[in-house]
Each structure stands twice: as C-alpha cells, then as structure tokens.
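Reviewing the structure listed below.
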Amino acid sequence: VAALVAVAAAQDPERPHLSQAWSAMSVGDGMPGVVGQEHYLFAGNEAHHMWDYGAQGAKLWTCPKGNPSCKAYYIKLNGPNCCVCDQVDKPKQWDLQKDGLFTHTKFTGFEDTTELNDNPVKGAEHWAESSVLPKVLTVTYDYFLHREANGDVISHRIDFNTSVQQEGSILYGNFEVAHDIDAHRAKFAVPDQCTGNILNCCDDQDELDQKYDFHSFALRQAQKAAVSV
C-alpha cells in the first residue's frame, strides 16, 4: 500500500503558481450574477483588481505601493460619475497558499468541469485548499486550471465554501495571461472622473461589497457568523 501511495504522489503535477497578471470575462467575484471583464495584477507589493461592466460602470481597486496606498473607485456604480473608498486593504491575491499549520493544499486529480457560460473543460487540474481558524471558521477553495505549453496557467473556475454555509463559484472565460506588464498596468490607470474632489463612499463597506464584491462580502459574513456562534 505504501508503495502505491508513493507512486501516486510521484505522479502528481508540480504545484503551480496561478497567473498574477491576466484578463478574463468572469462572474462570481464582483457584482453577483453579472458577467464583466476582469483585469488583475499582482507584482511585488503592487496590486490592482478591476471589474468592468461596460455601460453599467466599473470597480477599480488599486494599490500602487501596497498598503496603505489602496483605494477602491466605483465608476458610475455607486454615484453619478465616480466615488472612492480609501479605507481598504489590498485585494485578495489569488494563488495557491503554501502549506502551514492551518492551511493545506493538495492535488485531487484531473477532472472535467465547466467554466463561464457552462463551457466544458476537459481534464482540468483540481487543487483543493483548506484554511482553518481553529474552533472558528474553515474556508475551502477548489481551483480548476490547466497549463499551456509556454507555462501559462489558465484558470477556469474557483469554487469557495465556508463552514457556515457562505459559498460561491467564480467562473472565467477567455482567460488571457498578460506578458507585457507595463501595457497591462495601464488598464488600472485612475480615470479623470475619479480625480480631484470626488465623493467618498466608505460609509458601509458591507453594503458596497454585497453589491460589487461578492467574494469579500461572503467571507466577511462567514467570519461574523462564526464569531457569533
């Protein structure tokens, strides 16, 4: 039995790093139920995340120098042109975490799944990650991805769940890894309507996240529910 386990482990693919500069059509991380164009960049301490919904507006979350330089701009979403919340930290970095005392990640197999618009994906790598706050909260992520011949990691979906029934799925389509980082960074330039003396909209972070950042809202509600038990 031990020999079989050793052989199986030897056949597992090397743990990947998810792409840290990309664009994709997506649903499930931003506005609930709304498909938008998503752009993402993590480079050192710099972090940017944007959801663009066309005529409906956009959310730009930008941290040019990490914390405390972070601001979230809501372009036509929460005001006539733009409003800002500067009481935010860096967005979540989407990557497989290193194993530690309370976090464990494992490869569970190659599986068929679906991405945005129920498009089928054959033989995706499935990586399962679990993070535990002892006696408080468990959060799990299931990542489905594949690797291109050039080494690019393409994400198809991320399912997340908590021990207090907050859950969801982030689905991607037309996922493209950015290689020209300077050109990709330009996507996160603060637009003119968001400069100068603009409205502050930090009054209710839960309300903002419920409307425009479902993943953050779900995790915050899960943490509140776990603490209250």
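When only residues in region 194-215 that are open to solvent by less than 30 Å² (accessible area, probe 1.4 Å) and in contact (Cβ under 8 Å) with a residue 12 or more places away in the chain count, which is nearest to the chain's Cα centre (by Cα)?
The qualifying residue nearest to the chain's Cα centre (by Cα) is HIS215.
Run down ARG147, ARG157 and say which single residue is buried (at least 18 other Cβ atoms within 10 Å of the Cβ) and basic (Lys, Arg).
ARG157
Using the structure shown, decide if VAL136 is more than 18 Å from PRO16 (Cα to Cα), aliphatic (A, V, I, L, M) and either open to solvent by less than 50 Å² (accessible area, probe 1.4 Å) or within 19 Å of the chain's Cα centre (by Cα) (or both).
Taking the combined requirement at face value, the residue does not satisfy it.
Any residue at all in region 51-68 that's basic (Lys, Arg), open to solvent by 20 Å² or more (accessible area, probe 1.4 Å) and without any contact (Cβ under 8 Å) to a residue 24 or more places away in the chain?
yes
Open to solvent by 10 Å² or more (accessible area, probe 1.4 Å), in contact (Cβ under 8 Å) with a residue 24 or more places away in the chain and part of a strand (DSSP E or B), is that true of SER19?
It is false that SER19 is open to solvent by 10 Å² or more (accessible area, probe 1.4 Å), in contact (Cβ under 8 Å) with a residue 24 or more places away in the chain and part of a strand (DSSP E or B).
A quick yes/no check of all residues on (1) touching a residue at least 40 places away in the same chain (Cβ under 8 Å); (2) part of a strand (DSSP E or B):
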| residue | (1), (2) |
| --- | --- |
| SER131 | no, yes |
| ALA149 | no, no |
| PHE160 | yes, yes |
| SER169 | yes, yes |
| TYR172 | yes, yes |
| PHE175 | yes, yes |
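The values are calculated or read from the model by the stated rules, or taken from the named source; none is laboratory data. Keep in mind that this is a model prediction, so the values were computed, not measured. Positions of Cβ are backbone-derived with ideal geometry, glycine not excepted, and every protein chain shown enters the neighbour counts. Areas reflect the complete protein model, heavy atoms only, side chains present, ligands, DNA and RNA absent. Shrake-Rupley method; radii C 1.70, N 1.55, O 1.52, S 1.80 Å.
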